[in-house]
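Participant: Below you will find the structure I want to go over with you.
Please treat every number below as a calculation from the coordinates, not as lab data. Computed from a prediction, not measured in an experiment: that's the story for all the values here. No Cβ is skipped: glycine too gets one built from the backbone with ideal geometry, and neighbour counts run over all protein chains shown.
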Amino acid sequence: MYLYFCFDVEDIVHPDSDDIALDIAARLADVGVVASMYVVGEKARLWERRGRGDVIAAVGQHDVGLHTDHHSIHPTVSEYLADKEWQDGVVEAIRQEEPGVRALARIFGRYPSTWATSGGSWGPQIPAASRLMGLPSQVYTHVRAGESGACWFAGQLSYPDVAAIPGGEDAYSDDSTFEAALPKLLEQVQQAQRDGRTCLGIFGAHPTRLRYKVFWDTLNFNRGQNTPPDKYKFAPRRTDAEYQTCLRNLERMILALRDLPGVEAVSTSQVNRQFAGENSPVAWDDMHQLAQTIVDSDSIGVENPLASPAQSLDLLARAVLRLAVGAAPAYLPLRTVLGPEEEPPMLERAVAVEFEAGVALCGAVAQHVAQTGHLPTCLLAGDVPVGPGPLLRGIATALLALARGEKPNRVTFAPGAEEPAAAAHLVEEGIYRMLPGWSPHSPDLRLDRLALHTRLQCWSLKPAIK
Ligand SMILES: [Zn+2]
């Protein structure tokens, strides 16, 4: 199992927090550990302005990812995406985050390895936008599929899970608390290993919290407030002795994890390279099996690493187009397909169209994907709007008939699941619970658009595998 050690380098309030990142980076480099330093764009610019070449050099020995451009300064990620639809949200995410990508690339002389969510501030457009900015993955995503520790969502390689020392950074500051907590973390990691995970993030620390007892943003950016730099409030500090205890226990934890049997400590860039690409050609037998699974199930699953539900609909539509005029294709290439951009209609009763009209609908699905990269929100079967759920079942059924050598007279679209079954739970957890739970967020943060677009992009969700 691959372990990657995550550090969220984010404190833009306390100037001497720069030294904490330096101390951790130097210490881990000395024992041969390459950590993943997720640095806020504004933090890196502050290092540059303060002439902290020493910090940049120390941190630059490790993997460097972007921990948002400005973290808790409002508007945060969820705040700037809250009233956006899909496309304008992607454009806004690029406008807000690209300065951070450019800053890290300039300051560290290489491109960031990932985009790491700040606290609980996330939106479904972030994976798509980060991929468009050339970042190969997204860490601390709010959605998940499968058990590998990575999934594909909106075309981006996404890592949802991290394990951390029970008690967080405070546990490092006290030896007896740390001694009691470490075995629990080691057991959690070994359990993940027994469960067959491919990778697991280990949350090392927010460096600032090894020195400061309270988060910099809780004091200055809580519940929507923006404190200007000349009015910053500073947090209570740990003593020098406590700080040294924190550094020592953090290093002990990382070495204990690194030395577990069957574990390999790697950088985020190395984890990114472990996973195969999102798309590969799909063999006819697998297409046939995919269609059979869809027809046999009452729900739409996101657990098949071969294809997301959106990719399945696109793939099966193209397979029907081929079968309707000749033999089954031996292989068809998979494409990146995002979910619909708007809420699909609910189909009230079954609608059937002539076979040729059904084939034409398959052509319309494939063409919409080719032109937009998204599933259509709905297509007209006769004069009835039909969403991707009924289209998926109807097209899978037609494909199975053609595969048996039968040309059906009609293609039927039946009511049933309109979205992947996982969507409701993921939105409940990843949006309605996690976003208001992050203290910098304004209490009146709007959640309905973020929830809608997360649900719709669950069409693009599937486990990532090696
Ligand atoms: Zn953070």
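Participant: For the pair Ala105 and Asp383, how long in nm is the line joining their label points, each one 7 Å along Cα→Cβ?
Facilitator: 5.2
Participant: For region 324-459, with only Lys/Arg (+1) and Asp/Glu (-1) charged at the beta-carbon, what is the dipole magnitude about the Cα centre, in debye rounded to 20?
Facilitator: 380
Participant: What are the ³J(HN,Hα) couplings of region 102-115, residue after residue, when phi is run through the Karplus curve with 6.51, -1.76, 1.60 and θ = phi - 60°? Round to Hz, x for glycine and proline.
Facilitator: 5, 5, 5, 4, 6, 6, 9, x, 7, 6, x, 7, 6, 10
Participant: Under unit Cβ charges (Lys, Arg +1; Asp, Glu -1), what dipole magnitude, rounded to 20 debye, does the chain have relative to its Cα centre?
Facilitator: 640
Participant: Between Gln244 and Lys213, what FRET efficiency comes out of the Förster formula 1/(1 + (r/R0)^6) with R0 = 22 Å and r the beta carbon distance, rounded to 0.05?
Facilitator: Efficiency, rounded to the nearest 0.05: 0.90.
Participant: Here's another thing I want to ask about it. Per-residue counts of other Cβ atoms within 10 Å, averaged by peptide: what ranking do you get for 341-352, 39-50, 226-237, highest first?
Facilitator: 39-50, 341-352, 226-237
Participant: Just to check I understand the Karplus step: with θ = phi - 60° and J = 6.51 cos²θ - 1.76 cosθ + 1.60, what whole-Hz values come out for region 361-370, glycine and proline as x?
Facilitator: Rounded to whole hertz, the list is 5, 4, x, 5, 4, 4, 5, 4, 4, 4.
Participant: If you don't mind, another one. Amide H to amide H, which residues 5 or more places from Phe203 or on other chains are under 5 Å from it, using H placed in the peptide plane?
Facilitator: Correct list: Cys6, Ala163, Ala164.
Participant: Still on this structure, I have one more. How large is log10 I(q)/I(0) at q = 0.14, 0.19, 0.27 Å⁻¹ when the Debye formula is applied to the Cα atoms of region 115-164, each weighted equally and without solvent?
Facilitator: The Debye formula, applied to the Cα set alone, gives -0.29, -0.53, -1.04.
Participant: Right, another one. In Å and whole numbers, how far do the C-alpha atoms of the chain stretch along each principal axis, longest first?
Facilitator: 80, 48, 38
Participant: Here is a follow-up. Which of Trp459, Trp438, Trp86 comes first, and how do the rest follow, when ranked by fewest Cβ neighbours within 10 Å?
Facilitator: Starting with the residue having the fewest Cβ neighbours, the order is Trp438, Trp86, Trp459.
Participant: May I ask for the equivalent-ellipsoid semi-axes of region 282-413, computed as the square root of five times each C-alpha gyration tensor eigenvalue and listed largest first in whole Å?
Facilitator: For region 282-413, the semi-axes come out at 19, 18, 14 Å.
Participant: Here is a further query. Work out, step by step, the length gained on full extension between Leu186 and Asn222: first 0.36 nm times the residue separation, then minus their alpha carbon distance; give nm to one decimal.
Facilitator: Between Leu186 and Asn222, full extension yields 9.6 nm more.
Participant: Turning to a different aspect of this structure: At what distance in nm do the modelled label points of Ser439 and Ala350 sit from each other, each positioned 7 Å from its Cα along Cα→Cβ?
Facilitator: For Ser439 paired with Ala350, the spin-label model returns 5.7 nm.
Participant: Also, quick follow-up: Tabulate in residue order the Karplus-calculated ³J(HN,Hα) for region 122-131, using 6.51 cos²θ - 1.76 cosθ + 1.60 with θ = phi - 60°, rounded to whole Hz; enter x for Gly and Pro.
Facilitator: 9, x, x, 6, 4, x, 5, 5, 5, 5
Participant: Have a look at the DSSP beta bridges in the chain and tell me what percent are antiparallel, nearest 5.
Facilitator: Taking every DSSP beta bridge with both residues in the chain, the antiparallel ones total about 40 percent.
Participant: Right, next: Between Ala364 and Ile94, how high is the FRET efficiency from 1/(1 + (r/R0)^6) when r is the Cβ-Cβ distance and R₀ = 30 Å? Nearest 0.05.
Facilitator: After rounding to 0.05, the efficiency reads 0.50.
Participant: Over all directions, what mean area does the Cα convex hull of region 2-274 project, stated in square nanometres?
Facilitator: Answer in nm², one decimal: 13.7.
Participant: Calculate for the chain the 222 nm mean residue ellipticity that helices alone would give, adding -39,500 (n - 2.57) per DSSP H run of length 4 or more and normalising by residue count, nearest 500 deg cm²/dmol.
Facilitator: -13000 deg cm²/dmol
Participant: A further question on this structure: Would you work out the charge dipole size for region 1-135 about its Cα centre, treating the Cβ of every Lys and Arg as +1 and the Cβ of every Asp and Glu as -1, and quote it to the nearest 20 debye?
Facilitator: The calculated dipole for region 1-135 is roughly 420 debye.
Participant: Stretch Gln87-Ser280 to full length: gain in nm at 0.36 nm per residue minus the Cα-Cα span?
Facilitator: 66.8 nm
Participant: To continue, here is another question. Run the simple label-point estimate for Asp448 and Ala327 please: 7 Å along Cα→C-beta, distance reported in nm.
Facilitator: According to this spin-label approximation, the distance is 5.4 nm.
Participant: Please give the FRET efficiency for Val31 paired with Glu428, using the beta carbon to beta carbon distance and R0 = 51 Å, rounded to the nearest 0.05.
Facilitator: 0.80
Participant: Output the Cα-based Rg and Dmax of region 200-261 in Å, rounding Rg to one decimal and Dmax to a whole number.
Facilitator: 15.5, 50
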